[in-house]
Amino acid sequence: MAAVLDWFTANARALPWRAPGVTPWGILVAEVMAHQTPVARVSPVWIEWLIRWPAPADLADAGPAAAITAWSGLGYPRRALHLVACAERIVRDHGGEVPCDPQVLRTLPGVGEYTAAAVACFAFGRRTIVLDTNVRRVLARLFDGSPGVAAHVAAAERSRAAAVLPADPPRAARWNEAVMELGALICTARTPSCPNCPVRSHCRWHRAGRPGEPPPRRPQGYTGTDRQARGRLLHAVITDGPVPAAILAGTDTVWPHAEQRQRALAGLVADGLLCCEDGNYILPSAPATSR
DNA sequence: GAAGCGTGGAA
DNA sequence: TTTCCAAGCTT
């Protein structure tokens, strides 16, 4: 639909990874950083990472501790380990170049269906089906007239997305990016700005009077969870350097509940985000095994 | 297939 | 202040 492409030309955000000359590695880093994370928060961290580690080999050499520290406040720090493992695999198996085949990309740590399609499309111009939560929501409203989407991608969604994807690869890539942007800026989950939508007159959901409930809210809850405990404990080591196990595990300095504290620390160690050496918790210096 | 995995800014 | 949630992936 030309209206969406025209809208994108006029309204695309100037995200740093959309600048000319950004490498496939830059695209991959941006996509992983953007998982469940607002783009506005990703931008400064992405710039920092690409300056420090402009190519996969640079991050592979840097190792996990530096990556975890530089991950800053993006959340889900296992993604930093995934990127290090990606970098190692890219160096070892792909001559230091990010692969362009979505099926190959899919085998990299932390790269799922969406990210593989996105990197193949945005970095290499491949004609792939890019289905993130924004695209799914836009297509569901536009063509199905439903207010939101299910938790998981259905087969029918893929075929519908394929059906509306332009045949010409460069145009398909543009379409993917444009629909994603439309979902991020206009056709938002909570309060969509239909008056500003370039395809409101074609939208089944809008034409039907925007029926239905808003998408089911996810059970989240954070305060007091293992997730919060993990975040606090890891943060302590990132900011203070090596922390004696007697303090981190043995006292309630960082986290009050003893049993939960042990569970969280064990999880962090199991995930490769922390190591315990010589009685101290430290960030891992050895490469995270990427399998 | 459901559950687990962080964070900080906006509403 | 509290609540809600933002370009998913893995087990």
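Key figures
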quantity	calculated
Cα-based Rg / Dmax (Å) for segment A:2-124	14.2, 46
Cα centroid separation - segment A:30-91 against segment A:103-143, whole Å	19 Å
Vicinal HN-Hα couplings computed from phi for segment A:15-23 (Karplus, 6.51 cos²θ - 1.76 cosθ + 1.60; Hz; Gly/Pro x)	5, x, 7, 9, 5, x, x, 5, 7
Fully extended contour minus Cα-Cα distance, from A:T107 to A:F143, at 0.36 nm per residue	9.8 nm
Solvent-accessible area, 1.4 Å probe, carbon plus sulfur percent, for segment A:133-207	55 percent
Length gained when the stretch A:A154-A:H202 is fully extended (0.36 nm per residue, less Cα-Cα span)	15.0 nm
Whole-Hz couplings from phi, Karplus 6.51/-1.76/1.60, listed for segment A:273-285; x for Gly and Pro	8, 9, 10, 10, 10, 6, x, 10, 8, 9, 6, x, 8
Taking the C-alpha atoms of segment A:226-282, convex hull volume expressed per residue in Å³	63 Å³
0 to 90° range, to nearest 10: angle between helix A:113-124 axis and chain A longest Cα axis	70 degrees
Long-range amide H partners of A:N280 with built H, under 5 Å	A:A245
Chain A, Rg to Rh (Cα coordinates; Rh as Kirkwood inverse mean 1/r)	1.02
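The values are calculated or read from the model by the stated rules, or taken from the named source; none is laboratory data. These figures come from a predicted structure and were not determined experimentally. Ligands, DNA and RNA are excluded from the accessible area calculation, which covers all protein heavy atoms including side chains. Shrake-Rupley method; radii C 1.70, N 1.55, O 1.52, S 1.80 Å.
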